[in-house]
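Let me begin by presenting the structure, written as structure tokens, before commenting on it.
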Amino acid sequence: DEENAWKESSGINAEYGYAGFAFFMIRKYANTIQLYQHILGYMQRTKQFFQNRSFQAEDINKKNDQMLALLAIANTFCPLRLDESVNIQIKEKQGEKVARLQHGDMTVYDDLFFSGCPKFLSPVVSDNPTPFGTSGPRGLQLQVFKAEVEQQRLIPTLRSFLKLYTSIPISKLAKFLDMSENEVRCCLMAFKHKKEIARGDTVDQTTLDIDFYVDKDMIHISDTKIARHYGDYYVQQVLKLKDSNKLIMGSALSRPGPQQSA
């Protein structure tokens, strides 16, 4: 019934939220994306079971917003094609911050991380606990995350150049990046390493947006484009149509009828 459906939705939502964050912190971003896409799509389809319960809907919507914040970061580090319904939710909730990320604003990572991370517990008792500041359990997790952000700093720029070519000499790429050839080789190795970790255990290599290999002094790039899936977009539009019909019918029923003259 409706009560059991809400309890199931709430439990699954929390379980997927924590599991996705665990994958996020061990840098398996593709697994995080896979989990969050699944649960966000499920919650979108079942929201009619809890939308009339104000406090319950508020709790579930808060969890969804946390997952969307982490999903925005994960998809920056490991670009995959997102479901249309999930992409719309990210644009609605985090559109401005995602745009700032794409323009290289590093401060947005802290905001999104704090918006999406769960509460942390310290294994030891502190005389001066500051869980919401720059120290304490939350601050320690932030330091780990910021170290990863620093390691990923040049990868979006490197990816943007590689996507323009099918092959490019390392010397030419070094001029574009204003780096030495050895530094570019190090960046390419870091890119490969991060990409292999980010793809996780269950995501196919072909789901990543770009792949490359180095042959002596030449970089060869293959662009792995994925066919767009229209099913999720169609389902999303059907759900919007149902919501619109409910509003229209509710408005029609609440409208007073014409008064009869005596």
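For this structure, a couple of remarks:
- For region 10-118, the set of GluC sites (Glu not before Pro) satisfying both a DSSP loop assignment and a count of at most 13 other C-beta atoms within 10 Å is empty.
- Exposure of Lys163 as accessible area (Å², to 10), given a probe of 1.4 Å and all protein chains: 100
- Which listed pairs, of Lys163/Lys216; Lys28/Lys91; Lys97/Lys195; Lys28/Lys119; Lys97/Lys242; Lys194/Lys216, have C-alpha distances above 26 Å, in listed order: Lys97/Lys242
The values are calculated or read from the model by the stated rules, or taken from the named source; none is laboratory data. Computed from a predicted model, the values in this text were never measured in an experiment. Here the Cβ is made from the backbone with ideal geometry for all residues, glycine too, and neighbour counts use every protein chain on show. Ligands, DNA and RNA are excluded from the accessible area calculation, which covers all protein heavy atoms including side chains. Shrake-Rupley method; radii C 1.70, N 1.55, O 1.52, S 1.80 Å.
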